[in-house]
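The values are calculated or read from the model by the stated rules, or taken from the named source; none is laboratory data. Source: prediction; values computed, not measured. Glycine gets a Cβ as well: all are built from the backbone with ideal geometry, and neighbour counts include every protein chain shown.
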């Protein structure tokens, strides 16, 4: 078995909205491994996104621990968390979150400007098949293309982990598959640990492991013996 | 170097927001321009005056006497603290100038026989000083020579002490003593009608019968000398020779005007720019706050990508800084032009040989820094909130603002307001701080307009009181010396004279305890109709026998009220000191005087009725004959022409007011557009979905526009009373800054002018809202509904 990249123990996150306390995560123990492609499945509000935000250093748990390799993320202050995100984590979001006023290349450059050992933005965009669309603005790209720019932006820094929140959620099946291909390729070629949140059960078949969530807890963890290629997926 | 992606975002955001950024930059630019103009001119005038006084040895003390023996000079020199002394002969003469009908007046100053003057050294502008032995050579002040186109060698005729003399101009000069020159009774410099004439001492001695004598003394002091002690010592020495009291620079006419102007510029400097910088800071705060709210997801993204909080804060501060830089450059360009214009305007009133603008670089620096600082202060809240946004929350859309039913809503239920009206009212109640900031910004524009229109009303009142009520004569003949009252009949018989009235003038010091003031008591017959004393209500009050009437501000200064007695120390005649009761106070806006009954003043001075001035009205068709006759009169030392003074005052002031009003209206319109446009844009951006929804469910464009325009106009309406209040505050600060012995500007509040200010402000606000309203027509309903916010 390969080394763990994330290890969470008793991870709990409570949102206090004044009158009601919402337990978004309720004692999650989970190990995630280097180079692994993991899919997190579960209904809305089951805690997937909260976990992803905590793993990515965007949010902090209310209690419990979360280790990234040897680093206890709960002990990092804001500045250290910022450095952690900059050096180790790549994010891909459902709504792409591209900066509208920057071209595809410049959106990737946003990352390469601050990363320690980035690849050239052009290389990152080539990896996701967008070498012909370098100087297009987000408004000039299709949804799938925009999401692939977001993936290029996420991988350009050569991250240790790639965290994707519903990367195909806003896409139709055909463009969704292009995005999955890009993620698959990154996972295979760069060996980046990739964690993908999805509602879409079809996607689980391309993962090494599938973690199911319900009510802030891990319901099950299953290993995929027969992974299929992204092209074979349809929904 | 390759530009960083974040910097590109900055520049593109700036380009996208150009209209809003420009609206803010223009307001900032106004502040910078105002500062460059007023503070720049303040420094320039201050430094030029200082250098001029230093280099040309401007005196510290002036004294005059009727006729003092020359042997007093060494005694004055031996007063402790005195560095140098110059005794001179000064006198007023009337001039008969080629091609000019009205009488001109000349102020003669003697030049020492040996060497150039020690004090108040004139600057040669052309030609040479007159030969000390010449009887008919003179130098004149350059502006006078220019106004008449005189060349060296030209001749003018002067009526000196009753003798007509032909004088040859050998040179033109400027003097630190005559930076601002006023003829008798004039309110504005009249370069054609008033000359300063430098004449060799010997010639002046002969002309004014002053052999081995002087009537004017200028004194320079060692640093650290106690000026009050020296003045007292000089007064003691000159008293037996008709001394009328020595004084320092504070009562030197030219310096008083220059000082008044400098202090006015200072008032402008501290009142105007802060308004613009404040409004601009509000605007930056509003606009940037909205941008940060709109860019929540981008901020979250940047944080997810590993950008630090500081980098993100700096990113938004930089957006404000770019706006500020545009404003600063605009302000510098406009300010430099305005300062140039103001310098040209000053050149029409003040005669400096040079204007030192060296200091202006610091002004540019300071104004730039202040603009940057105010934009940054405005941006700080938004930048900090961007930095503080937790990244995970930033990625989610903001929760809908929480509206609650309040007591106000229940009150509105009874008013049966339409839903769009409710939307307007709720939005203001929901963001009271933002509404308050908009109201404050808009009220500043109203304040500037109200303050500008204040001048109009104040000057109308000044002119009404000074000319329509108090000084109604066409001409005042100033006699070379007091004459028996019978002389008035002679003057009444001059060609063109319709009416002639006698007036006696006596220089005095009024004292109450340690407070004192040099003034001239003017005395007229109770039935005088031409020159009168008028109360603030416009009622004519004749000084009662035995009593004194003073302007309110002089009574305030001396700390006396009607019924109190004041000590009157006569400086001429028998030089007695008496006590007189204050009978009443009046309003006086130009100059400062004291008024008594004609019989009373003559009786107090124990003399048969004498007159010093004759006030006359003229037949408009016979003024030429009148002037011709007066030029031949030996007894007349000068002529004041209140009607002409009024005309030139009105013309000049009206012209200046037109300029300032134009500037202020422009400024106010720009502020209003800046505030209202940005406010409406923010509303539109926040409400695009709401407004689109209303359109989809069947509201017309007009109904939807009503919400947008309605809120802007409601805020603009709320801003009016506040603006009037601030406007009165600014006017009041101005009145306080201007008031001196030379002028008092009345604090006049004219509702009609305030209404005009409000009308301009409301129209500008409406224009701004309508510009934004056009965007409602272009709302892409489907796209707006799809956009995720």
A careful count of residues in region A:159-192 that are farther than 19 Å from residue A:212 by Cβ, in contact with a helix residue (DSSP H, G or I) (Cβ under 9 Å, 6 or more places away or on another chain) and not in a helix (DSSP H, G or I) gives 8
When residue A:81 is run through (1) within 12 Å of chain B (Cβ to nearest Cβ); (2) more than 22 Å from residue A:48 (Cα to Cα); (3) part of a helix (DSSP H, G or I), the failure sits at (2)
Considering region A:136-158, residues that are part of a loop (DSSP other than H, G, I, E, B) and touching a helix residue (DSSP H, G or I) at 6+ places or on another chain (Cβ under 6 Å), and then whichever is nearest to residue A:106 (Cα to Cα), we arrive at A:136
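Residue-wise test of (1) on the phi < 0 side of the Ramachandran plot; (2) crowded, with 17+ Cβ neighbours inside 10 Å; (3) modelled with pLDDT of 95 or more.
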| position | (1), (2), (3) |
| --- | --- |
| B:157 | yes, no, no |
| B:162 | no, no, no |
| B:166 | yes, no, no |
| B:173 | yes, yes, yes |
| B:197 | yes, yes, yes |
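Here is a yes/no grid of residues against (1) surrounded by fewer than 19 Cβ atoms within 10 Å (Cβ to Cβ); (2) touching a strand residue (DSSP E or B) at 6+ places or on another chain (Cβ under 9 Å); (3) closer than 30 Å to residue B:720 by Cα:
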{"residue": "B:443", "(1), (2), (3)": "no, no, yes"}
{"residue": "B:446", "(1), (2), (3)": "no, no, yes"}
{"residue": "B:473", "(1), (2), (3)": "no, yes, no"}
{"residue": "B:487", "(1), (2), (3)": "yes, yes, no"}
{"residue": "B:494", "(1), (2), (3)": "no, yes, no"}
{"residue": "B:497", "(1), (2), (3)": "no, yes, no"}
Quick check on residue A:126: is it away from chain B (no Cβ under 12 Å), free of Cβ contacts under 8 Å to residues at least 40 places away in the same chain, on the phi < 0 side of the Ramachandran plot and under 18 Å from the mean Cα position of the chain (by Cα)? no
Checked B:3, B:41 against criteria (modelled with pLDDT under 90 and either within 14 Å of chain A (Cβ to nearest Cβ) or within 30 Å of residue B:219 (Cβ to Cβ) (or both)); the one match is B:3
Those residues of region B:101-112 which are surrounded by 14 or more Cβ atoms within 10 Å (Cβ to Cβ) and not in a strand (DSSP E or B) amount to B:102, B:103, B:112
With respect to residue B:737, is the statement that it is under 21 Å from residue B:276 (Cα atoms), at pLDDT below 80 and not assigned by TED's automatic domain parsing to the domain that holds residue B:32 true? yes
_It is to be established whether one or more residues within region B:292-311 are surrounded by 18 or more Cβ atoms within 10 Å (Cβ to Cβ), away from chain A (no Cβ under 14 Å) and more than 15 Å from residue B:389 (Cβ to Cβ)._
no
Among B:64, B:48, B:110, B:84, the single one that is away from every other protein chain (no Cβ under 14 Å), under 30 Å from residue B:642 (Cβ atoms) and within 36 Å of the chain's Cα centre (by Cα) is B:64
State yes or no: is residue B:482 surrounded by 14 or more Cβ atoms within 10 Å (Cβ to Cβ), outside the structural domain of residue B:184 (by TED's automatic domain parsing) and either modelled with pLDDT of 90 or more or not in a loop (DSSP other than H, G, I, E, B) (or both)? yes
Listed by range, strands (runs of 3 or more DSSP E) wholly within region B:499-618 having at least 2 residues that are in contact with a strand residue (DSSP E or B) (Cβ under 6 Å, 6 or more places away or on another chain), without any contact (Cβ under 8 Å) to a residue 60 or more places away in the chain and not assigned by TED's automatic domain parsing to the domain that holds residue B:242 are B:548-551, B:565-570, B:577-586
Looking across region A:85-107 at residues that are more than 8 Å from chain B (Cβ to nearest Cβ), modelled with pLDDT of 85 or more and under 19 Å from the mean Cα position of the chain (by Cα), the single one that is nearest to residue B:291 (Cα to Cα) is A:92
(message) Any residue at all in region B:340-351 that's in a loop (DSSP other than H, G, I, E, B) and modelled with pLDDT under 95?
(response) yes
- Message: Condition check: more than 10 Å from chain B (Cβ to nearest Cβ), more than 12 Å from the chain's Cα centre (by Cα) and on the phi < 0 side of the Ramachandran plot. Does residue A:38 satisfy that?
- Response: no
For region A:43-70, pairs from a residue that is more than 9 Å from chain B (Cβ to nearest Cβ) to a residue that is assigned to a loop (DSSP other than H, G, I, E, B), with Cβ under 7 Å and 6 or more apart or across chains, are A:46/A:215; A:46/A:216; A:47/A:216; A:48/A:42
If you go through A:175, A:194, the only one that is modelled with pLDDT under 85 and either farther than 29 Å from residue A:13 by Cβ or in contact with a strand residue (DSSP E or B) (Cβ under 7 Å, 6 or more places away or on another chain) (or both) is A:175
Residues of region A:97-128 being buried (at least 16 other Cβ atoms within 10 Å of the Cβ) and in a loop (DSSP other than H, G, I, E, B), in sequence order, are A:97, A:98, A:99, A:101, A:102, A:103, A:113, A:114, A:115, A:118, A:119, A:128
The lone condition residue B:258 fails out of (1) under 29 Å from the mean Cα position of the chain (by Cα); (2) over 21 Å from residue B:177 (Cα atoms); (3) buried (at least 21 other Cβ atoms within 10 Å of the Cβ) is (2)
Scanning region A:32-64 residue by residue, those in a strand (DSSP E or B) and surrounded by 15 or more Cβ atoms within 10 Å (Cβ to Cβ) turn out to be A:32, A:33, A:37, A:38, A:39, A:40, A:41, A:64
Filter region A:84-96 for residues that are within 19 Å of residue A:193 (Cβ to Cβ) and out of contact with any strand residue (DSSP E or B) (no Cβ under 9 Å at 6 or more places or on another chain); the one that is surrounded by the most Cβ atoms within 10 Å (Cβ to Cβ) is A:86
